[in-house]
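Please read the structure below before turning to the comments.
Just so you know, all these numbers are worked out from the coordinates, no wet-lab data involved. Since the structure is predicted, the reported quantities are computational estimates derived from the model, not experimental observations. All Cβ positions, even for glycine, are placed from backbone atoms using ideal geometry, and neighbour counts span all protein chains on display.
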Amino acid sequence: MDVKLLALDLDGTVLRSNNTLSPVVGRALEKAAQSGIEVAVASGRPFGSMPREILSIGGVDYVIASNGAAIYHRHKRIISDTLRPQDVQKILALTAEYDLIWEAFLDGETCTDRRYYDDPVRYGCSEAYIDYVRGSRAACDDMRGFIERNRHRLDSVEFVCTDSRLREYLWASLEKAVPDVYITSSSRNFVEFMNGTATKANALRKLCELLDVDQKNTVAAGNADNDVDMLLFAGTGAAVRNATKKCLNAADLVVDTNDNDGIAELVEYLVER
């Protein structure tokens, strides 16, 4: 196994459930970089909310952000794949009758519905992530208006819905009505929209071309449905044991959970081989 590029999801994969980086995993990422493996982040987060403790690790130079809508090299945005304005308008029109909690990602930053900002736990956010939500987002009283005004420069948009039936209905309806949009989820109550080509897999493909790395020499690790395409694209796909069923099914190998340093286990496996 000649690994040249390791792409890692953050939340639920590299980061523990309390939104922190285990020192064991941090040292493992440093070890991977020192062994000659290019370590890249591949997250649904916008660049502005990437943890400093991750970006400060020597050798972590590339970041796939907003589920593949942007690629950064050392804080500089080098590739963009934003939503089409007409698709944004279709999404807004088809959801107009529903009182949804919206978030928008643009220019590496996030804007969220003030209701979610004020009480994220009410909408399914764990208490460990409250400070992250409030520290990484601006609050807006009219998110639909904000999205409409910025429709020409959006990396992605998403809504939060705790009603599983409504969430599934809207997902299926929008998938049919707006076929050029990629719809996924990084967390149970979220439905996320990107340009149809803005996936983690496509971003990883572009990164391989940029770094002249063969697909077979890549490893990708994740925990959620939005990681599935990336795991299937990579030469080797790895899932942490706490991953969703779809993610586990897509993986070539499974390591321990994010709370038990599963990514450190993965790095040791790769470095030894």
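Could you tell me the center-to-center distance, by alpha carbons, between the range 1-20 and the range 167-201 in angstrom?
23
Students often get this wrong: which residues of the range 46-79 have the backbone nitrogen under 14 Å from the point 7 angstrom along Cα-to-C-beta of residue 30?
53-60
Hey, quick one: spin label on residue 259, modelled 7 Å out along Cα-Cβ, who in the range 10-42 has an amide N within reach, i.e. under 19 Å?
10-26
What spacing in nm lies between the two simple spin-label points modelled at residue 76 and residue 130, each 7 Å away from Cα in the Cβ direction?
Rounded to a tenth, the inter-label distance reads 4.1 nm.
Take the Cα radius of gyration of the range 1-57 and divide it by 2.2 N^0.38 Å, with N its residue count; two decimals is plenty.
In units of the globular-protein estimate, the range 1-57 measures up at 1.11.
Can you work out the FRET efficiency for the pair residue 152 and residue 55, with r the C-beta to C-beta distance and R0 = 35 Å, to the nearest 0.05?
About 0.80, to the nearest 0.05.
Using the alpha-carbon centroid of each, what span in Å lies between the range 113-149 and the range 56-70?
Their Cα centres are 23 Å away from one another.
I need the calculated FRET efficiency for the pair residue 107 and residue 273, taking r as the beta carbon distance and R₀ as 45 Å, to the nearest 0.05.
The value I calculate is 0.65.
Assigning unit charges at the beta carbon (Lys, Arg +1; Asp, Glu -1) and nothing else, what dipole magnitude in debye, to the nearest 20, does the chain show about its Cα centre?
320
With the dipole of the range 85-195 worked out from charges on the C-beta (+1 for Lys and Arg, -1 for Asp and Glu) around the Cα centre, which of 94, 150, 186 lies farthest toward the positive end?
Working it through, the farthest residue towards the positive pole turns out to be 94.
Rounded, prolate or oblate: which fits the range 85-195, taking a ≥ b ≥ c as square roots of the Cα gyration tensor eigenvalues, rounded meaning a/c under 1.5, else prolate when a/b beats b/c?
Oblate, because a/c is 1.5 or more while a/b does not exceed b/c.
With the contact rule set at Cα under 8 Å and sequence spacing of 6 or more, what percent relative contact order holds for the range 85-195?
RCO, the range 85-195: 30 percent.
Provide the packing ranking of 245-252, 200-207, 186-193, i.e. peptides ordered by the mean count of other C-beta atoms within 10 Å per residue, highest first. Before the final figure, lay out each step's value.
Values: 245-252: 17.4, 200-207: 23.0, 186-193: 19.2.
Ranked from most to least packed, the peptides come out as 200-207, 186-193, 245-252.
Calculate the FRET efficiency for residue 144 and residue 245 from the Cβ-Cβ distance with a Förster distance of 51 Å, rounded to the nearest 0.05.
0.95
Once the Cα gyration tensor of the chain is found, what semi-axes does its equivalent ellipsoid get, as square roots of 5 times the eigenvalues, in whole Å, sorted largest first?
Details: eigenvalues 181, 74, 60 Å².
Equivalent-ellipsoid dimensions as semi-axes: 30, 19, 17 Å.
What dipole magnitude, in Debye to the nearest 20, does the range 85-195 give about its Cα centre under +1 on Lys/Arg Cβ and -1 on Asp/Glu Cβ?
Numbers: 14 positive and 21 negative charges, 27 e Å.
Charge dipole of the range 85-195: 120 debye, to the nearest 20.
Hey, what number do you get for the chain at 222 nm if only DSSP H runs of n ≥ 4 count, each worth -39500 (n - 2.57), divided across all residues, to the nearest 500?
One gets -9500 deg cm²/dmol as the mean residue ellipticity at 222 nm.
Say the cut-off is 24 Å between C-alpha atoms; which of 76/176; 31/246; 76/245; 4/76; 31/216; 176/246 go over it?
76/176; 31/246; 76/245, as the Cα separations exceed 24 Å there.
Ranked by Cβ crowding within 10 angstrom, fewest neighbours first, how are 125, 208 ordered?
In order of increasing Cβ crowding within 10 Å: 125, 208.
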